[in-house]
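Undergrad: I am attaching a structure below and will ask some questions about it afterwards.
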């Protein structure tokens, strides 16, 4: 999974420059789709809510105020390795505008649950 991290990528661009970046980005997505490497992709609105707490669950505004680069969207890829995913990520046109990406492997289950399940299986009955 590639997480798009972006704040104000377009603040110093003219309308023509923004249009060119947008065209490159759509072409990038279309190529990935045609190659069968794009599983899913979606932008996210900047506003959101955070649910946290033990016992009483509190809902607060989010994303976290201290975050300098909020997650602006995601891209699920159909690739075999992290290196392949990162090569695709390096082509993202908004990198030239100061944005960044975070690549993370998708786990088949929560890694902590997997460790606990293995520990419980090895524990004497």
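Undergrad: Given R₀ = 22 Å, FRET efficiency for residue 71-residue 34 by Cβ-Cβ distance, to 0.05? Kindly include the intermediate steps, with their values, before the conclusion.
TA: On the way: r = 26 Å, r/R0 = 1.18.
About 0.25, to the nearest 0.05.
Undergrad: Exposure proxy check: 102, 109 ranked by fewest other beta carbons within 10 Å?
TA: Values: 102 13, 109 8.
Listing 102, 109 from fewest to most nearby Cβ atoms yields 109, 102.
Undergrad: At 0.36 nm per residue, and after removing the present C-alpha to C-alpha distance, how many nm does the segment from residue 12 to residue 59 gain when stretched out fully? Working shown, then result.
TA: Values: separation 47, 0.36 × 47 = 16.92 nm, distance 3.47 nm.
Full extension from residue 12 to residue 59 adds 13.5 nm.
Undergrad: Shifting gears a bit: FRET efficiency for residue 115 and residue 81, Cβ-Cβ distance as r, R0 = 22 Å, nearest 0.05?
TA: Details: r = 24 Å, r/R0 = 1.07.
The calculated FRET efficiency here is 0.40.
Undergrad: With a 10 Å Cβ neighbour count serving as the proxy for reagent exposure, in which order, fewest first, do 97, 110 appear? Walk me through the numbers before you get to the answer.
TA: Numbers: 97 17, 110 10.
With the fewest neighbours first, 97, 110 line up as 110, 97.
Undergrad: If you take the C-alpha gyration tensor of the chain, multiply each eigenvalue by 5 and take the square root, what semi-axes do you get, largest first, in whole Å?
TA: Values: eigenvalues 226, 105, 23 Å².
Values for the chain, descending: 34, 23, 11 Å.
Undergrad: Further question: Please give the helix 111-122 orientation as an angle from the longest Cα principal axis of the chain, in degrees from 0 to 90, rounded to the nearest 10.
TA: 20
Undergrad: Helix 15-34 versus the longest principal axis of the chain: what angle, 0 to 90°, nearest 10, using Cα atoms?
TA: 50
Coordinate-derived values only; no laboratory data. Fair warning: this is a prediction, and the values are worked out from it, not measured in the lab. With ideal geometry, Cβ positions are generated from the backbone for all residues, glycine too; neighbour counts draw on all protein chains shown.
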